[in-house]
Amino acid sequence: MNTIEKSGADAPDAARITDVLYAFARLADEGAPGDLGALLADDVEWRMAGTTWSGREETVAGLVRMRELGHAGPGSGNRHLITNQEVRVLGDSATARSYFLLVSSGVPAVVETVGSYRDELRRSGEGRWVIARREVTT
């Protein structure tokens, strides 16, 4: 079950942010790298497993390397599942926390990894919510 702090005008933004996080997970599995990049801020910072990527270009390149290793992407058959989301909106910025499971496509399916995302998002100049910072822990 997802927990979204909904208070008046923030409810639509919290729902849009949840949609961004779900879209990112789906695109990690079946989308093109450029589609992932469109959900990231120009100056995004991504931290995971002792690695930090800075900026959209470096982050997308890092995500492409993860695909090459078979962890994500259309050829992997893996699926990123997001659950237990908590979204907090404060004007044009927001924080989100969630758990993720990386599930294999084998029969039977196997949970390969469980972890959490700590995200900071902001409203872009075009009014879209983008991920400005992500910390991945497993």
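The values are calculated or read from the model by the stated rules, or taken from the named source; none is laboratory data. Everything numeric here is computed off the predicted structure, so don't read it as measured data. Neighbour counts run over all protein chains shown; Cβ positions are idealised from the backbone, glycine included. For accessibility, only protein heavy atoms count, side chains too; no ligands or nucleic acids. Shrake-Rupley method; radii C 1.70, N 1.55, O 1.52, S 1.80 Å.
Within the option set Val111, Val136, being modelled with pLDDT of 95 or more, within 19 Å of Ala49 (Cβ to Cβ) and surrounded by fewer than 13 Cβ atoms within 10 Å (Cβ to Cβ) holds for one residue only, Val111.
Any chance the stretch 34-48 includes a residue that's of a type in the set (Phe, Trp, Tyr) and in a strand (DSSP E or B)? Yes - at least one qualifying residue is present in the stretch 34-48. One residue alone among Leu27, Leu21 is surrounded by 19 or more Cβ atoms within 10 Å (Cβ to Cβ), touching a strand residue (DSSP E or B) at 6+ places or on another chain (Cβ under 8 Å) and assigned to a helix (DSSP H, G or I), and that residue is Leu21. Does the stretch 64-72 contain any residue that is of a type outside the set (A, V, I, L, M) and closer than 17 Å to Glu120 by Cβ? No: the stretch 64-72 contains no residue that is of a type outside the set (A, V, I, L, M) and closer than 17 Å to Glu120 by Cβ. Test Ala15 against the stated conditions and say whether it is small (Gly, Ala, Ser), open to solvent by 20 Å² or more (accessible area, probe 1.4 Å) and within 10 Å of the chain's Cα centre (by Cα). No, not satisfied. Within the stretch 83-108, the set of residues being part of a strand (DSSP E or B), more than 18 Å from Val44 (Cβ to Cβ) and open to solvent by 20 Å² or more (accessible area, probe 1.4 Å) comprises Thr83, Asn84, Glu86, Arg88, Leu90, Tyr99, Leu101, Val103. Taken as a whole, the stretch 69-81 holds at least one residue that is touching a helix residue (DSSP H, G or I) at 6+ places or on another chain (Cβ under 9 Å), open to solvent by 60 Å² or more (accessible area, probe 1.4 Å) and of a type in the set (A, V, I, L, M, F, W, C). Would you check if there is a residue in the stretch 33-56 being surrounded by fewer than 15 Cβ atoms within 10 Å (Cβ to Cβ), over 15 Å from Ala132 (Cβ atoms) and at pLDDT below 95? The answer is yes, given that some residue of the stretch 33-56 is surrounded by fewer than 15 Cβ atoms within 10 Å (Cβ to Cβ), over 15 Å from Ala132 (Cβ atoms) and at pLDDT below 95.
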